[in-house]
Amino acid sequence: MPAKSRFTRLDAFTKTVEDARVRTTSGGIVTITSLLVILWLVWGEWADYRRVVVRPELVVDKGRGEKMEIHMNITFPLMPCELLTLDVMDVSGEIQSGVQHGVNKVRLAPVSEGSHDIESKALDLHPDDPASHLDPEYCGQCYGAPPPTDGRKAGCCNTCDEVRNAYASISWSFGRGEGVEQCEREHYAEHLDEQRKEGCRIEGGIRVNKVIGNFHIAPGKSYSNGNMHVHDLENYFKDEADHSFTHTIHTLRFGPQLPDAVIARMATRGSASGAGAWTNHHLNPLDGTEQKTGEKAFNFMYFIKVVSTAYLPIGWEKEAAVQNKNDVMGGGIDAGYKGSIETHQYSVTSHQRNLGGGNDAQSGHKERIHARGGIPGVFFSYDISPMKVINREARSKTFSGFLVGLCAVIGGTLTVAAAVDRALYEGVQRVKKLHQG
């Protein structure tokens, strides 16, 4: 048997001769309708293929020895900058007392004058040296305390701040510097009086070990007394001004700043996939928080759970890692950046109490008893989650899935159209026979 005959017997698509075909008006209408339906469904398949979804994954965070950036912008309308100290400590034993890098103190006018900015001062380790005009041979005494190791001149206390550091190193209270030559020369007490009714805004960033720790903003010079972390609170409590730790957290974030364009892109694609939209509030729930108190002996505590979070856009492998762009402290992410984004989300619970102890009747909880003692201020205790969230962008459908859907759309539509056309044709023929009969 010829090869042609063999293939002819296998033909599953038998044909009819042209003379046996009947063309009808209803068939033309069904054909046009089916073509329009096919075009609409094909466009839907193409849009579905092009749609990007975000697929969240939960993995164990295997990073080791990493650092973490904390950025803050917090206003204290009733606390002068001269009294505020920022300290950082963690479970590894590292303590950063009186953080002096990457943070600015902005002096604010009294609340009655609108709390406008007066002066912004970076916390440099050695600002403009107030002792620079003195005799080069001058060596100020430390009044019984050991000279500070970070002083301008070894073995000397040439400035008021160096005397304060010397006192703090052996846990001595300093007060207003009465009788201290350096402080009287620099008018330290006068500066305290001048700023008595001012406020302060602390803004900037710090880099910490990625382990459990805390940072806090409290009054007075800080020092370690044995295993205890202590602040010199003499000036804070003796001052007759109405100081308190009423505060507003404008921004508190862990990780680099994400531009609005990146947030909007992640939010749109996250909501489209049902994974939940990203917003700055979801990443940084403390933004815009305001707390008020009229008492000096009062502290606020925030307990934060930090979760490492990565966002991997499509094609992120081709882009340089974002960390390479952020070697400088506080560096942000470019709006057009399309590589991997490493940041952190956090959840938070808060607690506040009067350091005098007693029950919490003012808040309607008489059964709640507060402990007595502590340091006034604002405390942030953070814990690092062992898990990491990866939000990975992906196509909702593969190309092969798109082709399968395309074939299903065309084949299914034509099959249904053929059935509809056949039903219409048979119905018309039956009606004709009834009229003829």
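The values are calculated or read from the model by the stated rules, or taken from the named source; none is laboratory data. In this text, all values refer to a predicted model and were calculated from it rather than measured experimentally. Using ideal geometry, Cβ is built from the backbone for each residue, glycine included, and neighbour counts are taken over all protein chains shown. Areas reflect the complete protein model, heavy atoms only, side chains present, ligands, DNA and RNA absent. Shrake-Rupley method; radii C 1.70, N 1.55, O 1.52, S 1.80 Å.
Arrange the residues 178, 190, 66 by how much accessible surface each exposes, largest first, with a 1.4 angstrom probe.
From most accessible down to least: 178, 190, 66.
How much of residue 296 can a 1.4 Å solvent probe reach, expressed as accessible area in Å² and rounded to 10?
Counting only protein heavy atoms, residue 296 exposes about 40 Å² to solvent.
Computed FRET efficiency, Cβ-Cβ of residue 104 and residue 51, R0 45 Å: what is it to the nearest 0.05?
0.50
In nm, give the distance between the simple-model label positions of residue 61 and residue 305, each being 7 Å from the Cα along the Cα-to-Cβ direction.
Placing both labels 7 Å beyond Cα along the Cβ direction yields 1.2 nm.
Given the protein chains as shown and a 1.4 Å probe, how many square angstrom of residue 121 are accessible, to the nearest 10?
110 Å²
How do 402, 303 rank by accessible surface area computed with a 1.4 Å probe, from largest to smallest?
Final ranking, largest accessible area leading: 303, 402.
So what does residue 432 come to for accessible area, using a 1.4 Å probe and Å² rounded to 10?
The value for residue 432 is about 110 Å².
Would you mind calculating the gained length between residue 419 and residue 43 on full extension (0.36 nm times residue separation, minus the Cα-Cα distance), in nm to one decimal?
133.0 nm
Which order do 72, 301, 387 take by accessible area at a 1.4 Å probe, largest first?
Putting 72, 301, 387 in descending order of accessible area: 387, 301, 72.
Taking the simple approach of a point 7 Å from Cα along Cα-to-Cβ for both residue 169 and residue 287, what is their distance in nm?
My value for the distance between the label points is 4.3 nm.
Using only Cα atoms, locate the centre of region 181-228 and the centre of region 57-86, then give the distance between them in Å, rounded to an integer.
Computed from Cα coordinates, the inter-centre distance equals 16 Å.
Which FRET efficiency, nearest 0.05, do residue 154 and residue 314 yield, Cβ-Cβ r, R0 56 Å?
With a Förster radius of 56 Å, E is 0.45.
How far, in nm, would the chain grow between residue 410 and residue 111 when pulled straight, counting 0.36 nm per residue and subtracting the alpha carbon separation?
Working: separation 299, 0.36 × 299 = 107.64 nm, distance 7.14 nm.
The residue 410-residue 111 span can extend by a further 100.5 nm.
Please give the FRET efficiency for residue 238 paired with residue 119, using the beta carbon to beta carbon distance and R0 = 25 Å, rounded to the nearest 0.05.
0.50
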